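Report on the following structure.
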Amino acid sequence: MQIYHLFNRLNNRKFTKLLTQTVALGVGAIVLLLSTNANAAEQVVLKYGTFQGQISVQELSEFTETGKTTPTLRAYLEAAKQDPAVARKALKAPVKADPAFLNSLLSGWAGPILVDQIGEVVHPPTGQLDQQALRSALSTSIKQNGEVTLLGAIQNYPNTSVELEGDRLIAVYERLSNLTKLL
């Protein structure tokens, strides 16, 4: 009998409304948490002239952090006659500065220049640079690490696949290094 009275008390409109809002909030939070990086790049198409091969972003990130290459990545670097140490350095070399300064730089007059420079190396497989997508990737990288790197741009690119122009990697790295000296 007590359960029946308790159920009747809980079955009023206020409780139903509260329960509905709580469930909606919970579902919304789960969707938000599960989709945080759902639109980030997962695959990288490495291009060196006419050569091209595909690896995972995780594989590239691990190489950049540890220097260890997988057999696939090693084969791609050898086929492209690319020094792994130089490629690794170019991918992880940061443009470091205060995050607020980097974000203001990105949204100021120099932003399109910086985005174009990085866009020469990192862009969607269509080959057409999406300034807004790359700017978003760089901004996310800044928020996460307080710096801009080519790897950060790749990891945070809002597309499932991104193209990396390996033959332009070193030149863009050198330009970004010069920019770092000015900051």
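What the table below lists for this structure:
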{"quantity": "Candidate set: the stretch 138-170, residues that are touching a residue at least 40 places away in the same chain (Cβ under 8 Å), of a type in the set (A, V, I, L, M, F, W, C) and in a helix (DSSP H, G or I); chosen: the one surrounded by the fewest Cβ atoms within 10 Å (Cβ to Cβ)", "calculated": "Ile170"}
{"quantity": "Residues (farther than 22 Å from Leu134 by Cα and of a type outside the set (Ser, Thr, Tyr)) located in the stretch 38-61", "calculated": "Gly49, Phe51"}
{"quantity": "Evaluation of Phe63 against (1) within 19 Å of Val172 (Cα to Cα); (2) among the hydrophobic types (A, V, I, L, M, F, W, C); (3) buried (at least 19 other Cβ atoms within 10 Å of the Cβ) (one fails), failing number", "calculated": "(1)"}
{"quantity": "Check on Thr50, modelled with pLDDT of 85 or more, farther than 20 Å from Lys181 by Cα and open to solvent by 50 Å² or more (accessible area, probe 1.4 Å)", "calculated": "no"}
{"quantity": "Leading residue by the ranking (nearest to Phe51 (Cα to Cα)) among those in the stretch 76-119 that are open to solvent by less than 60 Å² (accessible area, probe 1.4 Å) and assigned to a loop (DSSP other than H, G, I, E, B)", "calculated": "Ala80"}
{"quantity": "Residue satisfying condition, being modelled with pLDDT of 90 or more and either over 23 Å from Ser161 (Cβ atoms) or under 23 Å from the mean Cα position of the chain (by Cα) (or both), within set Ser35, Ser104, Ser56", "calculated": "Ser56"}
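The values are calculated or read from the model by the stated rules, or taken from the named source; none is laboratory data. Remember, predicted model here, so these are calculated numbers, not experimental data. With ideal geometry, Cβ positions are generated from the backbone for all residues, glycine too; neighbour counts draw on all protein chains shown. These accessible areas exclude ligands, DNA and RNA; they are computed on the full protein's heavy atoms, side chains included. Shrake-Rupley method; radii C 1.70, N 1.55, O 1.52, S 1.80 Å.
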